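Novice: Below you'll find the structure I mean.
The values are calculated or read from the model by the stated rules, or taken from the named source; none is laboratory data. The structure displayed is predicted, hence computed values, not measured ones. Every residue, glycine as well, gets a Cβ built from its backbone with ideal geometry; the counts of neighbours run over all protein chains shown. In case anyone asks, the SASA skips ligands and DNA or RNA and just uses the protein heavy atoms, side chains included. Shrake-Rupley method; radii C 1.70, N 1.55, O 1.52, S 1.80 Å.
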Amino acid sequence: MAKQIEGVAERILAAAKREFLEKGYVDASLRTIAAAADTSTNSIYVRFGDKEGLFSAIVEPVLSEMTERFIKIQEQFHQMDRAAQAARMPEYSDGGTAALLDYMYAHLDAFRLLLDASYGTRFHNFVDELVRIEVEYTYKYMETVGYPANFGDTLTEKLLHIVTTSRFESIFEVIRHGMSREEAAEYIQLLSRYHRTGFLAIFGTGTP
């Protein structure tokens, strides 16, 4: 196998990021990317397989790390006893969201690609996996704390999935609207109060 020239892969990734951000995955051109990287389309195929492989090389490491961090926060919370979970839920929820925001703004281009340029790739519905994880752990929380919900009720399951999806989509709007990190923090603070109040109103009792 011929030795790959140092620096070419990095130039390809940089050119690909610009092309995908400008045109989206579907309309992006490997020829344009290759020309901008001063290489050939064949060198892209050798290194990344195909166009989706190239897109994946940019976004998948970021998405995988975010998901791992998200699960770790959930696991830490659910290792607490019932009283601690009930008392510290708002703190952990807000802290986890703040950590997610920090990570998003540290990898802003990757999230712009995931949110606005991933149509046509397997990443287009990446939010679904985050929703699945959140719903799973929300049920654990509700069972531990003793929320008076009918856990076998199909309507409850669908509603929880819908409101969780809405929460994640609302969080990611900070990227779509080009908010600064400071603006996003204010927005998320209000959004968290909104969703927590609604969650308690529908699924439980008490004051948010």
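Novice: Farthest toward the dipole's positive end in the chain, which of 166, 61, 71, given Cβ charges of +1 (Lys, Arg) and -1 (Asp, Glu) about the Cα centre?
Specialist: 61
Novice: On a full-extension model of 0.36 nm per residue, what is the gain between residue 162 and residue 64, subtracting their alpha-carbon distance, rounded to one decimal in nm? Walk me through the numbers before you get to the answer.
Specialist: Values: separation 98, 0.36 × 98 = 35.28 nm, distance 2.33 nm.
Contour length minus Cα-Cα distance gives 32.9 nm.
Novice: About the Cα centre, and with charges only on the beta carbon of Lys, Arg (+1) and Asp, Glu (-1), how big is the dipole of the range 1-40? Nearest 20 debye, please. Could the numbers behind the result be given before it?
Specialist: Working: 6 positive and 6 negative charges, 9 e Å.
Here the range 1-40 has a charge dipole of around 40 debye.
Novice: If you roll a 1.4 Å probe over the heavy atoms of the protein chains, what accessible area per residue do you get for the chain, in Å²?
Specialist: Numbers: 11650 Å² over 208 residues.
It amounts to 56 Å² per residue over the chain.
Novice: Applying 1/(1 + (r/R0)^6) with R0 = 35 Å to the Cβ-Cβ distance of residue 181 and residue 132, what FRET efficiency is obtained, to the nearest 0.05? Mind dumping the intermediate values first?
Specialist: Working: r = 28 Å, r/R0 = 0.79.
Using R0 = 35 Å, I get an efficiency of 0.80.
Novice: Quick check: the distance between the Cα centres of the range 1-74 and the range 96-128, to the nearest angstrom?
Specialist: Cα centroid to Cα centroid, the span is 15 Å.
Novice: Continuing with this model, one more query. Please compute the length gained on full extension between residue 72 and residue 197, using 0.36 nm multiplied by the number of residues separating them and subtracting their Cα-Cα distance.
Specialist: Values: separation 125, 0.36 × 125 = 45.00 nm, distance 2.51 nm.
Additional length available on full extension: 42.5 nm.
Novice: Whole percent per 5 Å bin, from 0 to the bin with the longest distance: what is P(r) over all C-alpha pairs of the range 56-208?
Specialist: Computed distribution, short to long bins: 1, 8, 18, 22, 21, 15, 9, 5, 1, 0.
Novice: Please state the relative contact order of the chain as a whole percent: Cα pairs under 8 Å, 6+ residues apart? If you can, show how the numbers build up before the last one.
Specialist: Numbers: 145 pairs, mean separation 43.8, N = 208.
The normalised contact order for the chain reaches 21 percent.
Novice: Okay, moving on. Please identify the chymotrypsin sites (Phe, Trp or Tyr not before Pro) of the range 65-144 that satisfy two criteria: DSSP loop assignment and at most 12 other Cβ atoms within 10 Å. Which are they? Could the numbers behind the result be given before it?
Specialist: On the way: sites: 70, 77, 92, 103, 105, 111, 119, 123, 126, 137, 139, 141; in loops: 119, 123, 126.
Here the chymotrypsin sites (Phe, Trp or Tyr not before Pro) that fit, given the DSSP loop and packing criteria, are 119.
Novice: Using the basic label-point model (7 angstrom from Cα toward the beta carbon), what is the residue 190 to residue 144 distance in nanometres?
Specialist: 3.2 nm
Novice: If 26, 174 are ordered by their accessible area, calculated over protein heavy atoms with a 1.4 Å probe, which sequence runs from highest to lowest?
Specialist: 26, 174
Novice: What's the magnitude of the charge dipole for the chain around its Cα centre, counting Lys and Arg as +1 and Asp and Glu as -1 at the beta-carbon? Answer in Debye, nearest 20.
Specialist: Values: 22 positive and 30 negative charges, 34 e Å.
The dipole magnitude comes to about 160 debye.
Novice: Dipole size in debye (nearest 20) for the range 14-125 around its Cα centre, Lys and Arg Cβ +1, Asp and Glu Cβ -1? Walk me through the numbers before you get to the answer.
Specialist: Working: 12 positive and 16 negative charges, 35 e Å.
Magnitude of the dipole: close to 160 debye.
Novice: Next question. Pop out the carbon and sulfur fraction of the accessible area of the chain as a percent, whole number, probe 1.4 Å.
Specialist: Exposed carbon and sulfur together represent 52 percent of the surface.
Novice: Along the positive direction of the dipole of the chain (beta-carbon charges: Lys, Arg +1; Asp, Glu -1; about the Cα centre), which of 97, 177, 87 reaches farthest?
Specialist: The one lying farthest along the dipole's positive direction is 177.
Novice: For residue 169 and residue 42, what does the FRET efficiency come to when R0 = 41 Å and r is the distance between their Cβ atoms, rounded to the nearest 0.05?
Specialist: Working: r = 39 Å, r/R0 = 0.96.
It comes out at approximately 0.55.
Novice: Okay, next question. How large is Rg/Rh for the range 30-97, to two decimals, with Cα atoms and a Kirkwood Rh? Spell out each step's value before the answer.
Specialist: Numbers: Rg = 20.8 Å, Rh = 15.1 Å.
Rounded to two decimals, Rg over Rh is 1.37.
Novice: Among the trypsin sites (Lys or Arg not before Pro) within the range 23-129, which fall in a DSSP loop and have no more than 15 other Cβ atoms within 10 Å of their own Cβ?
Specialist: Numbers: sites: 23, 31, 47, 51, 69, 72, 82, 88, 112, 122; in loops: 122.
Sparse-neighbourhood loop trypsin sites (Lys or Arg not before Pro): 122.
Novice: While we're looking at this one, here's another question. Tilt of helix 154-176 relative to the longest C-alpha principal axis of the chain, in degrees (0 to 90, nearest 10)?
Specialist: 50 degrees
Novice: At 222 nm, what value in deg cm²/dmol follows for the chain if DSSP H runs of at least 4 each add -39500 (n - 2.57) and the sum is divided by all its residues, to the nearest 500? Could you put the intermediate results ahead of the total?
Specialist: Details: 9 runs with 162 residues, N = 208.
For the chain, the value works out to -26500 deg cm²/dmol.
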